[in-house]
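Chemist: Dropping the structure in here first, questions after.
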Amino acid sequence: MSVPPLRTGLSQQDAQDDFLRARRARALNRLRRVFDRAGDVDMILPFDEVVGALGRVGERDLGVRVVEVDSVLGSVDRPHDFDRAFRPRLSRVRPRWERIAAARHRGEGMPPVELYRVGDVHFVRDGHHRVSVARAMGDRVIDAHVVEVLTRVGADRTLRLSDLPHKGHERLFLE
């Protein structure tokens, strides 16, 4: 039960207060929505679960491409080592991460990472540390050998773990 707003008796001032109150309510609602989904906002997307929900149709090798680093949001087999932005979650990844970062600082070239593409999202098959270092160094793109996985239902960069049941239902409906 909300408390009615206090009124000054000055219509212009009361209208301004009402507007500001409505804006604050909108901002609070947006924050509430963010926190409602906070459980999976930073979670890396697991390849097998995503492809299972979307319905794998086939795949095709796209060869070596330049890929936006921000589109790499998932992993084939390392869901616990990095978060969705490929920031290290565990200290055990530190030695290898630092070796790759040091090599980058020395100007050494890196081999292309191995990625799967599902819709607009990329999943790391090999090169988790290289992706993490690239993001930390502010790289916008990375060289990658890409295999596109074709699915019945598409995926975009806003995909979250909590969306997978809905995507699974969408796939079943389309089938």
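Here, each number is a calculation from the coordinates, and none is a lab measurement. Keep in mind the model is a prediction, meaning the values are calculated, not measured. Every residue, glycine among them, receives a Cβ derived from its backbone with ideal geometry; neighbour counts consider all protein chains shown.
Chemist: Hey, what did region 36-126 get for relative contact order, percent, Cα under 8 Å, at least 6 apart?
Modeler: Computed over region 36-126, the figure is 33 percent.
Chemist: Cα convex hull of region 69-119: how many Å³ per residue?
Modeler: 98 Å³
Chemist: Starting from the amide H of His122, placed 1.01 Å from N in the peptide plane, find each other amide H under 5 Å away whose residue is 5 or more places distant or on another chain.
Modeler: When sequence neighbours closer than 5 places are left aside, the close amide H contacts are Val72, Leu73, Gly74.
Chemist: Sorted by mean Cβ packing within 10 Å, highest first, what order do the peptides 92-102, 109-119 take?
Modeler: The packing order, highest mean first, is 109-119, 92-102.
Chemist: Rounded to whole Hz and in sequence order, give me ³J(HN,Hα) for region 125-139 from the Karplus expression 6.51 cos²θ - 1.76 cosθ + 1.60, θ = phi - 60°, writing x for Gly and Pro.
Modeler: For region 125-139, the Karplus curve yields 9, 8, x, 3, 5, 5, 5, 4, 5, 4, 5, 5, 8, x, 5 Hz.
Chemist: Determine, for each peptide in 149-157, 44-52, 57-65, the mean count of other beta carbons within 10 angstrom over its residues, then list the peptides with the highest first.
Modeler: On the way: 149-157: 16.4, 44-52: 19.3, 57-65: 11.4.
Per-residue mean Cβ counts within 10 Å order the peptides as 44-52, 149-157, 57-65.
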